[in-house]
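The values are calculated or read from the model by the stated rules, or taken from the named source; none is laboratory data. Quick caveat: nothing in here was measured; it's all calculated off a predicted structure. Don't worry about glycine lacking a Cβ; one is built from the backbone with ideal geometry, like all the others, and counts go over all protein chains shown.
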Amino acid sequence: MNDKDKDEEHLDRPVDAPPAERLHESANHERIIPRVLRNMLVVSVLLLGPAFWFYGWPGSIGFAFGAAVSYVNFRSLTRGVEGLADRIVNRNSREKGGWISLRFVVRYGLVGAVAYAIFRSSSLAFRGFLWGLCVPVAALMAEAVWEGYAALRRAS
């Protein structure tokens, strides 16, 4: 049996998980984005103190701008991906392909414009801004810890 036959045989096998369990997993995945957005807000508030400690007022203001841009950027990214997926799956989608692409470009334009303005005003504020841009990483790490905990809890 060659590799192609093995791949086709794999596609013919039923999915191991029962339908109710797959539906439960789908519902869990739909709650991830709101949880990550909430984590971003919590992490932003928690890291505002250390940003002030290291860089003073300019750095903490830069951090707040960076965190705000990160939040808007992440929300826009999720809406863009959902719109693009809807456009691909449903040919009768109300989303226009040009608007989806424009939103992607505007996101990076926003980040670039704010970064340039802050960079020109203060190097400490720019450092804080860079910290703020890393907020989604911390939020996603918290989400990974939560998912690992939930998986261990389900396994036991």
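Looking only at helices (runs of 4 or more DSSP H) that fall completely inside segment 41-156, which ones have 3 or more residues that are closer than 22 Å to GLU30 by Cβ? Write out each step before concluding.
Values: elements: 97-121, 123-133, 135-155.
By residue number, 135-155.
Look at ARG75 and say whether it is surrounded by fewer than 18 Cβ atoms within 10 Å (Cβ to Cβ), over 21 Å from LEU41 (Cα atoms) and among the charged types (D, E, K, R). Steps first, please.
On the way: surrounded by fewer than 18 Cβ atoms within 10 Å (Cβ to Cβ): yes; over 21 Å from LEU41 (Cα atoms): no; among the charged types (D, E, K, R): yes.
So ARG75 fails the test.
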If ARG103 passes every condition in (1) charged (D, E, K, R); (2) at pLDDT below 75; (3) under 17 Å from the mean Cα position of the chain (by Cα) but one, which one does it miss?
(2)
Under 6 Å between Cβ atoms, at least 6 apart or on separate chains: pull out the pairs that start in segment 114-140 with a residue that is surrounded by fewer than 16 Cβ atoms within 10 Å (Cβ to Cβ) and end on any residue that is assigned to a helix (DSSP H, G or I).
PHE119/PHE126
